[in-house]
1. If you go through segment 162-176 one residue at a time, how many are of a type in the set (Asp, Glu) and part of a loop (DSSP other than H, G, I, E, B)?
2. Go over the candidates 240, 297 one by one and state the one that is surrounded by 16 or more Cβ atoms within 10 Å (Cβ to Cβ) and within 25 Å of the chain's Cα centre (by Cα).
3. Taking segment 144-167 as the search range and keeping residues that are at pLDDT 95 or above and among the aliphatic types (A, V, I, L, M), which one is nearest to residue 203 (Cα to Cα)?
4. Enumerate the strands (runs of 3 or more DSSP E) found wholly within segment 236-337, keeping only those where 2 or more residues are of a type in the set (A, V, I, L, M).
5. Can you tell me which condition residue 54 does not meet? The list is (1) within 26 Å of residue 154 (Cβ to Cβ); (2) touching a Lys or Arg at 6+ places or on another chain (Cβ under 8 Å), and all the others hold.
6. Taking the condition basic (Lys, Arg), outside the structural domain of residue 169 (by TED's automatic domain parsing), without any contact (Cβ under 8 Å) to a residue 60 or more places away in the chain and in contact with a strand residue (DSSP E or B) (Cβ under 6 Å, 6 or more places away or on another chain), does residue 283 pass?
7. Being surrounded by 12 or more Cβ atoms within 10 Å (Cβ to Cβ) and over 21 Å from the mean Cα position of the chain (by Cα) narrows it down to one of 194, 144, so name that one.
8. Taking segment 138-159 only, how many residues are touching a Ser or Thr at 6+ places or on another chain (Cβ under 6 Å) and either more than 13 Å from residue 114 (Cβ to Cβ) or part of a helix (DSSP H, G or I) (or both)?
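The values are calculated or read from the model by the stated rules, or taken from the named source; none is laboratory data. From a predicted model like this one, the values you see are computed outputs, not experimental measurements. We place every Cβ from the backbone using ideal geometry, glycine too, and count neighbours over all the protein chains shown.
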Amino acid sequence: MAKKPISCVFMGSDPIAYNVLQFLHEGNQKEKPDFKLDAVFTQPDRRTGRGKKLTANAIKEWALDAKIPVFQPERIDENVIAQFREKQYQLCIVMAYGHIIPKGLLGISEFGFFNLHASLLPELRGASPIETAIVCGHKETGVTLMKMTAGLDSGPIIDQEKVLIPDIINALELRQKIAQACYPLLARNLDQLTTPPMLKPQENERATYCRIIDKKDGYLDFSLTTQEILDHIRGFYPWPGAILDIEGIALKIYAAKRDLSNNLPKEAVPGSYQIEDKRWYVKAQDGWIELLQIQKPGGKILNTQSFLNGAQIPSQGIIQFPERYPLIQAKYFKKPA
């Protein structure tokens with residue numbers, strides 16, 4: 001008699017999980033599958049864009065194309081818990097779901113709930129590990145496979161896949177590398193999740209937390225070093241972007257570089273800028289940077305020369321920048337409103 005495949009559920013709402021879904025779904029294509037993806041839970045459709053059209057997320061679209069049942073609860077309540085009991089889902093994989101999984105659900109599935117988190121835990125628990133890793137100058141990150149507990153990303157670790165962060169990579173590109181890293185991580189561990197797996201408790205004294213990012217975080221702080229500003233530009237691409245306010249207009253900066261000419265005044269205060277020969281320089285803490293690609297609201301991304309050809313900006317001045325709130329703390333926190 002053929003062995004019945006293990007009933008598996010995926011919970012997630014972000015396309016970073018495509019490789020995870022594909023790996024779990026491959027079991028359906030085998031002659032004798034070990035696992036079968038029986039359901040996908042994702043966020044409800046949201047209104048997006050200028051027309052506020054009700055739109056499904058990419059995970060729902062993938063599941064519908066694969067003919068896998070999709071469920072979109074507004075929150076994890078007693079109805080969801082009852083569904084898990086009725087369907088007897090045996091294993092649940094979670095990545096970037098956007099809902100807190102209550103303790104009452106975690107103990108229902110036979111083999112448990114396992115989360116893929118986009119950092120090398122216990123570092124960067126929380127909501128924005130990919131962007132935060134770049135903005136804060138980290139040289140490596142990765143994906144952690146962990147057994148879920150009631151705490152925030154604090155469950156015991158099963159395995160990790162490291163990912164290097166080159167100096168030229170932006171957050172969108174790092175997301176792609178993180179997504180690709182999920183595949184080998186699951187490939188070498190999925191069978192072990194039912195045995196049960198070896199679990200390594202996290203070193204909680206080493207834990208750091210990253211918070212939800214909002215649009216205001218995009219504003220460039222020129223009191224930082226040139227390297228920190230370049231990391232900011234890379235880390236907040238494509239959203240919220242690197243923003244500077246000039247003459248009341250919020251411009252987005254997509255590329256910049258250090259100025260190595262030593263021709264600009266070293267005593268200038270951070271935020272001072274000069275425009276010379278269609279090139280735009282801004283003073284940081286330890287030197288000057290040159291802005292290379294700029295976008296005005298509703299406009300195209302232009303190189304600086306093309307942008308300045310159509311812009312009425314004084315040739316020099318000082319850019320004001322708001323107070324920054326740290327992205328990383330030693331305990332979970334929220335940015336003040």
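1. Result for segment 162-176: 1.
2. Result: 240 is the single residue among 240, 297 that is surrounded by 16 or more Cβ atoms within 10 Å (Cβ to Cβ) and within 25 Å of the chain's Cα centre (by Cα).
3. Ranking the qualifying residues of segment 144-167, first place goes to 157.
4. It comes to 242-246, 249-258, 288-295.
5. (1)
6. Spelling it out, it is not the case that residue 283 is basic (Lys, Arg), outside the structural domain of residue 169 (by TED's automatic domain parsing), without any contact (Cβ under 8 Å) to a residue 60 or more places away in the chain and in contact with a strand residue (DSSP E or B) (Cβ under 6 Å, 6 or more places away or on another chain).
7. 194
8. 1
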